[in-house]
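Asks: Shown below is the structure under consideration.
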Amino acid sequence: MIAVYPGSFDPLTLGHLDIIKRACKICDKLYIAIGKNSSKASLFTDDEKLEMINEALSELELANKVEVEIFSGLLAEYAKQKEAKAIIRGLRVVSDFDYEFQIALSNRMLNSSCETIFLLPSSKYIFLSSTIVRDIAKNNGDISSLVPKNIEAHLKAKFQTK
Ligand code: ADP
């Protein structure tokens, strides 16, 4: 079973990694798809995100199952191209649900051969988001329990040069 896990990953957090590990238990191949998002200003470029995710994954034994790519255009089309049977999304708090519900139904309308599967992270990551990580890092706070080691280093470097 091929699955796609789309997101902004600006940057990858331990919450994302938790979902990736769970998704790998139920699929044979997982594409982590970094979406080009024109409306949201990103801290990291798409290429930086790709490199950072690959670095973080190289420490885990998922290399043969997971591939990281950048995609643009419709997710439903990208999933079709990859012959994916599932789109993986993580659900944290109830407030995620409304938006995710709309997106999932739209994607099903556009690609009826693909179902959205919602996974729940470990409860310790339930309030974790890339936005929170960026805010803490920007103010020199400790993010070591929120992101992989390599991402922590990239965040430090990014805010030093800003
Ligand atoms: P997007 O802009 O598409 O929401 P994100 O990178 O913020 O991109 O998130 C990608 C996916 O990962 C979404 O389904 C989001 O709900 C999920 N996700 C992000 N952080 C967590 C977390 N801490 N626990 C579970 N799922 C998460």
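Asks: Excluding residues fewer than 8 places away in the same chain, name every one of the aspartates and glutamates whose C-alpha is closer than 14 Å to that of residue 85.
Replies: 28, 77, 115
Asks: Arrange the following residues from fewest to most other Cβ atoms within 10 Å of their Cβ: 26, 34.
Replies: In increasing order of surrounding Cβ atoms, one gets 26, 34.
Asks: Past the 15 angstrom mark, what percentage of all C-alpha to C-alpha distances in region 99-151 do you count?
Replies: 62 percent
Asks: While we're here: How large is the Kirkwood hydrodynamic radius of region 4-90, in angstrom, based on all distinct alpha carbon pairs?
Replies: Final number for the Kirkwood radius of region 4-90 is 13.1 Å.
Asks: Taking the dipole about the Cα centre of region 18-154, with the C-beta of Lys and Arg at +1 and of Asp and Glu at -1, give me whichever of 42, 139, 119 is farthest to the positive side.
Replies: Highest projection toward the positive end goes to 119.
Asks: For the chain, what D do you get in µm² per second when you plug the Kirkwood radius from alpha-carbon pairs into Stokes-Einstein at 20 °C and 1.002 mPa s?
Replies: Stokes-Einstein gives a translational diffusion coefficient of 133 µm²/s.
Asks: If the reach is capped at under 21 angstrom between alpha carbons, list the lysines near residue 82, excluding any in the same chain fewer than eight residues apart.
Replies: Within reach: 21, 25, 29, 36, 49, 65.
Asks: Mean residue ellipticity at 222 nm from the helices of the chain, using -39,500 (n - 2.57) per DSSP H segment of n ≥ 4 over the full residue count, to the nearest 500 deg cm²/dmol?
Replies: -13500 deg cm²/dmol
Asks: Here is a further query. Could you check the spin-label model distance between residue 122 and residue 92? Points 7 Å from the Cα along Cα→Cβ, value in nm.
Replies: Those two pseudo-labels are separated by 1.6 nm.
Asks: A follow-up question, please. Mind sorting 127, 9 by how few other Cβ atoms lie within 10 Å of their own Cβ, fewest first?
Replies: 127, 9
Asks: Return the Rg/Rh ratio of region 58-104 with Cα-based radii and a Kirkwood Rh.
Replies: Taking Rg over the Kirkwood Rh, I get 1.04.
Only the coordinates and a few stated rules stand behind these numbers; no lab work does. Source: prediction; values computed, not measured. With ideal geometry, Cβ positions are generated from the backbone for all residues, glycine too; neighbour counts draw on all protein chains shown.
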